[in-house]
Amino acid sequence: MKLTTDQKRFLEQWMDFLKIPSVSADPIHKKDVTQGAEWVKSALLNAGCPHAEIIQTPGHPIVYGEYLLDPSLPTVLVYGHYDVQPADPIDLWDNPPFEPVIKNTAIHPDGAVFARGSCDDKGQMFMHIKAFEVMLSKGSLACNIKFMIEGEEEVGSDNLEDFVKTNKEKLACDIILISDTGMIAQDQPSITTGLRGLSYMEVTITGPNRDLHSGLYGGSVQNPINVLCKMISQLRDENKKITIPGFYEDVIELSTEERAEMDKAPLDLEEFKNSIGIDAIEGEKGFNTEERRSIRPTLDVNGIWGGYTGEGAKTVIPSKAHAKISMRLVPDQDWHQISEQFTDYFKSIAPAGVEVEVITHHGGYAYVTPIETIGYKAAHQAYLETFGKAPIPKRGGGSIPIVPMFEKELGVKSILMGFGLDSDAIHSPNEHYGIFNFFKGIETIPKFYKNYIKLWNQNKSD
Ligand code: BES
Ligand code: MN
Ligand code: MN
């Protein structure tokens, strides 16, 4: 792929941005996260945004920018996040996570940038700043734009939620535009029409009041790790249905027609298995893999620890065992209620001889958007123009809790125009984002604006 002078500059800037380790979860990186916010603010100003500011919160800052052309024109609010997931396990990276490098892969013959956040979400969010710059320089931007780029998405967006609730006027808009999801394949664009909710729990099992010699006490007392494993195994039955009473009560089941519609873009199971190095799939009975990872709720252990995990062997019965357990939720599950149901059930299945503590870390609601809106149609047309192929609507399995929040607080729908691929390894070692995808995004986003403004004007005169 031959890059223009502008494209080379965009690529360099993006790689520069990726050098900032803006890991929101780790207090060690607090200053780096702030530096990330400053970088975004400068990028907005340099792109031609007349106003950009950093808004402090009790946590990490929010970057807000606006380009207000004319109040009689529609307003698009661009949302993204400049914070990233922790890079560990660092040992599994082929290159240091905050020293971006370009490498070619089978899926990315034009190269991909490897670094933490290259895709999620620095690369995808930066496309919007550059698309804005391109539109301004061409004089083709005929609407108002507001940018709200946060630094706490990967840790639950708590402070953004408060900011949205108290700044409804400032954030008033007609549509929210986000690139923080993926698409089906390089030659098959898709638009994300749904996100799952989330309920993130942590459990601690305490047995004896100190670690014990496993010879002196083994076999005569509860071992918290054994107990924890057994309790976890009871959370799903043999059909992989979650056993928490009431868990499925509010789940909206899709109709046969909707499921048939979904099945028109079937997942290639062999490719799916090969891409992650497994030889068999598993999941809830009665649903296929694509359904299991998008329209069905799940329960997974994200981490488990306790006892001796150092070098060699130590014969010990630990006093405590811990696990982080998360549930992906679907419409209309209420994550607060699910967290309570989990807590009650988990405590109820504990045997005598141990104590159970359960805490809720964070959560969020699921989201769905219809495809009949002008926002969706504008996005559809945009992909059609740049990919030469109609995008497929697709429910995503991940979560962006602020999206349903926007709908509740601002009454505005979000359009999820993602350009990443599942193989980009977001949250994993060797995260990358295709240079093709980056520039395709910068090309497609202005088409969204063009089509949206057109449809908006038509709607107005109807
Ligand atoms: N960008 C992802 C969410 C995503 C990725 C949605 C791909 C659909 C497709 C986002 O940054 C993320 O990782 N969200 C978290 C939730 C958050 C509360 C920590 C997630 O889904 O685990
Ligand atoms: Mn993201
Ligand atoms: Mn993420």
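Residues in region 227-252 that are among the aliphatic types (A, V, I, L, M) and open to solvent by less than 50 Å² (accessible area, probe 1.4 Å): V227, L228, M231, I232, L235, I242, I244, V251. Residues considered: K103, K168, K146. Of these, the only one that is away from ligand 3 (no atom under 16 Å from the Cβ), in contact with a helix residue (DSSP H, G or I) (Cβ under 7 Å, 6 or more places away or on another chain) and among the basic types (K, R) is K168. Answer yes if at least one residue in region 198-210 is assigned by TED's automatic domain parsing to the domain that holds F342, of a type in the set (K, R) and out of contact with any Pro (no Cβ under 9 Å at 6 or more places or on another chain), and no otherwise. Within region 198-210 (the criterion being assigned by TED's automatic domain parsing to the domain that holds F342, of a type in the set (K, R) and out of contact with any Pro (no Cβ under 9 Å at 6 or more places or on another chain)), the answer is yes, since at least one residue qualifies. Regarding F163, is this residue within 25 Å of I453 (Cβ to Cβ) and modelled with pLDDT of 95 or more? The answer is no for F163. With respect to (1) open to solvent by 30 Å² or more (accessible area, probe 1.4 Å); (2) in a strand (DSSP E or B); (3) away from ligand 3 (no atom under 16 Å from the Cβ), the lone exception for T204 is condition (1). Looking at region 149-164, which of its residues are within 16 Å of ligand 3 (Cβ to nearest atom), of a type outside the set (D, E), crowded, with 20+ Cβ neighbours inside 10 Å and not in a loop (DSSP other than H, G, I, E, B)? I149, L160 - these are the residues of region 149-164 that are within 16 Å of ligand 3 (Cβ to nearest atom), of a type outside the set (D, E), crowded, with 20+ Cβ neighbours inside 10 Å and not in a loop (DSSP other than H, G, I, E, B). If E169 meets every condition in (1) in a loop (DSSP other than H, G, I, E, B); (2) touching a residue at least 60 places away in the same chain (Cβ under 8 Å) apart from one, which number is that one? Of (1) in a loop (DSSP other than H, G, I, E, B); (2) touching a residue at least 60 places away in the same chain (Cβ under 8 Å), only one is false for E169: (2). Those helices (runs of 4 or more DSSP H) of region 225-293 in which at least 1 residues are within 20 Å of I338 (Cα to Cα), considering only elements entirely within it, cover 289-292. Residues in region 406-426 that are touching a helix residue (DSSP H, G or I) at 6+ places or on another chain (Cβ under 6 Å) and either within 15 Å of ligand 2 (Cβ to nearest atom) or part of a strand (DSSP E or B) (or both): S414, I415, M417, F419.
Of the residues making up region 115-142, those that are more than 28 Å from E99 (Cβ to Cβ) and in a loop (DSSP other than H, G, I, E, B) are G139, S140, L141, A142. In the set (1) assigned to a helix (DSSP H, G or I); (2) at pLDDT below 95; (3) touching a Gly at 6+ places or on another chain (Cβ under 9 Å), the condition left unmet by H362 is number (1).
Annotation: of all residues in region 172-192 being aliphatic (A, V, I, L, M) and surrounded by fewer than 20 Cβ atoms within 10 Å (Cβ to Cβ), the one that is nearest to ligand 2 (Cβ to nearest atom) is I184.
Condition check for T289 on (1) touching a Lys or Arg at 6+ places or on another chain (Cβ under 9 Å); (2) free of Cβ contacts under 8 Å to residues at least 24 places away in the same chain; (3) open to solvent by less than 30 Å² (accessible area, probe 1.4 Å): one failure, at (1). For region 81-116, residues that are open to solvent by 50 Å² or more (accessible area, probe 1.4 Å), of a type in the set (D, E, K, R) and either modelled with pLDDT of 95 or more or not assigned by TED's automatic domain parsing to the domain that holds N430 (or both) total 5. Just wondering, is there one or more residues in region 166-179 that are within 11 Å of ligand 1 (Cβ to nearest atom) and closer than 24 Å to Q35 by Cα? Looking through region 166-179, at least one residue is within 11 Å of ligand 1 (Cβ to nearest atom) and closer than 24 Å to Q35 by Cα. Would you call I145 assigned by TED's automatic domain parsing to the domain that holds T57, assigned to a strand (DSSP E or B), away from ligand 2 (no atom under 16 Å from the Cβ) and open to solvent by 20 Å² or more (accessible area, probe 1.4 Å)? The answer is no for I145.
Please work out if V316 is surrounded by 14 or more Cβ atoms within 10 Å (Cβ to Cβ), in contact (Cβ under 8 Å) with a residue 12 or more places away in the chain and within 30 Å of G215 (Cβ to Cβ). Answer is yes for this residue. Restricting the first member to region 322-337 and to residues that are assigned by TED's automatic domain parsing to the domain that holds V354 and touching a residue at least 60 places away in the same chain (Cβ under 8 Å), and the second to residues that are among the β-branched types (V, I, T) and open to solvent by 50 Å² or more (accessible area, probe 1.4 Å), the beta-carbon pairs closer than 6 Å and six or more apart or on different chains are A323/V301; A323/I304; I325/V301; P331/I252; P331/V368; D332/I252.
The values are calculated or read from the model by the stated rules, or taken from the named source; none is laboratory data. Note that the coordinates shown come from a computational prediction; the quantities given were computed from them, not determined experimentally. When we count neighbours, we look across all protein chains shown, and the Cβ atoms used for this are built from the backbone with ideal geometry, even at glycine. SASA here: full protein model, heavy atoms, side chains in, ligands and nucleic acids out. Shrake-Rupley method; radii C 1.70, N 1.55, O 1.52, S 1.80 Å.
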